[in-house]
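S.K.: Sharing a structure here in structure tokens format.
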Amino acid sequence: MAKFRLGAGCSNNQAELFAVAEALEWLLHQSVVNTQRSACIYTDSEVSLALLRNHRIHLPTVERVRRLLFNLRGSWAIGLLWVKAHVGVLGNEVADILAKEAAGGMDLPESFSSVPRTFVRRVLHEGTVSSWNELWIHNDETAQYTKQFFPSVYARLRAQLKVNHKLTQALSAHGKNRAYLRRIGIIADDTCPCSEGVPQTWEHLIVDCVMFEPQRSRLIRRTVLGGSGWPVDLQVLVSKYLNDFTVFINEVNFDLF
Ligand SMILES: [Zn+2]
């Protein structure tokens, strides 16, 4: 009985194909004299069989099986057959038990450790997002306003934003609001022309500027009914009420200021 262990990043499909290849390798080393022999290899992996049949697939594990089948063709007639898993087929159940034993056998050397491309892509993606997040959360100088909506890069990636120029301005505090125009030196007074006598920031426009009460009423109704009340935490606003918030922003005509 042979047991093999694959590297930690290897996929189920690689393990299935590796097992088929090792069975074929075993056949290759049996001494066959004169008469042609036959063998059936059963696998419960439909994916593996489909990969082997698909001639556009040239993964190393697939090519290894094909090469072995080619080398065996003179002395062995080989069938590769699918068998349903977990229905009590004895050979399949035994293979399952042995596979679990081998997977836990950390003392076994790794027989195969070429991880699939999907694994590399996932590791690179996770590393990139993690670095991006570190930069985001440790930057105390810029984007303090945007951080109220998205305290982490993960929160931003979770939000299914349909970004347009209005939403971008509302989330970045840029655009034609008076606080921003004052900050970049275009106007001297950032007071909102509504009756409240406060700077016209995006927070003011979103939360309490009376000029947008009609457009805001639907959004407030949603957050109150949703148990978040008003004013609502900006992070909750984009994570729980994104659609209503987007509708509100798209209705606000801030080009008037
Ligand atoms: Zn106002």
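The values are calculated or read from the model by the stated rules, or taken from the named source; none is laboratory data. What you are looking at is a predicted structure, and each value in this text was computed from that prediction instead of being measured. Using ideal geometry, Cβ is built from the backbone for each residue, glycine included, and neighbour counts are taken over all protein chains shown.
S.K.: Kindly indicate the residue of the range 113-137 that is within 22 Å of the chain's Cα centre (by Cα) and polar (S, T, N, Q) and also nearest to SER172 (Cα to Cα) among those meeting that condition.
M.R.: Restricting to residues being within 22 Å of the chain's Cα centre (by Cα) and polar (S, T, N, Q), the top hit is ASN133.
S.K.: Return the residue satisfying two criteria in turn: it lies in the range 228-257 and is farther than 25 Å from ARG156 by Cβ and out of contact with any Leu (no Cβ under 9 Å at 6 or more places or on another chain), and of such residues it is farthest from the ligand (Cβ to nearest atom).
M.R.: Step by step, filter the range 228-257, then rank; the result is ASP255.
S.K.: Within the bounds of the range 219-227, is there any residue that is surrounded by 16 or more Cβ atoms within 10 Å (Cβ to Cβ), of a type outside the set (Val, Ile, Thr) and away from the ligand (no atom under 11 Å from the Cβ)?
M.R.: In the first step, residues of the range 219-227 are kept if they are surrounded by 16 or more Cβ atoms within 10 Å (Cβ to Cβ); the result is 219-220, 222-223.
The next check asks that each one be of a type outside the set (Val, Ile, Thr); those that pass are 219, 222.
Still in the list and also away from the ligand (no atom under 11 Å from the Cβ): 219, 222.
So far as the range 219-227 goes, yes, one or more of its residues are surrounded by 16 or more Cβ atoms within 10 Å (Cβ to Cβ), of a type outside the set (Val, Ile, Thr) and away from the ligand (no atom under 11 Å from the Cβ).
S.K.: For the range 1-15, name all the residues that are touching a strand residue (DSSP E or B) at 6+ places or on another chain (Cβ under 6 Å) and part of a helix (DSSP H, G or I).
M.R.: ALA15
S.K.: Quick test for you: out of VAL115, VAL120, VAL163, pick the one residue that is hydrophobic (A, V, I, L, M, F, W, C), assigned to a loop (DSSP other than H, G, I, E, B), out of contact with any Leu (no Cβ under 8 Å at 6 or more places or on another chain) and under 27 Å from GLN14 (Cα atoms).
M.R.: The unique qualifying residue is VAL115.
S.K.: Can you tell me which residue within the range 89-118, out of those that are small (Gly, Ala, Ser) and in contact with a helix residue (DSSP H, G or I) (Cβ under 9 Å, 6 or more places away or on another chain), is farthest from ARG5 (Cα to Cα)?
M.R.: The extreme case among them is ALA95.
S.K.: Name the single residue that is nearest to the ligand (Cβ to nearest atom) among those in the range 186-205 being surrounded by 16 or more Cβ atoms within 10 Å (Cβ to Cβ) and farther than 15 Å from LYS176 by Cβ.
M.R.: Only one residue fits best here, namely CYS194.
S.K.: Considering only residues of the range 111-154 that are modelled with pLDDT under 95 and among the small types (Gly, Ala, Ser), which is farthest from ILE57 (Cα to Cα)?
M.R.: Residue satisfying both the conditions and the ranking: ALA143.
S.K.: Assess whether ASP140 counts as being assigned by TED's automatic domain parsing to the domain that holds LYS240, in a loop (DSSP other than H, G, I, E, B) and more than 23 Å from the chain's Cα centre (by Cα).
M.R.: yes
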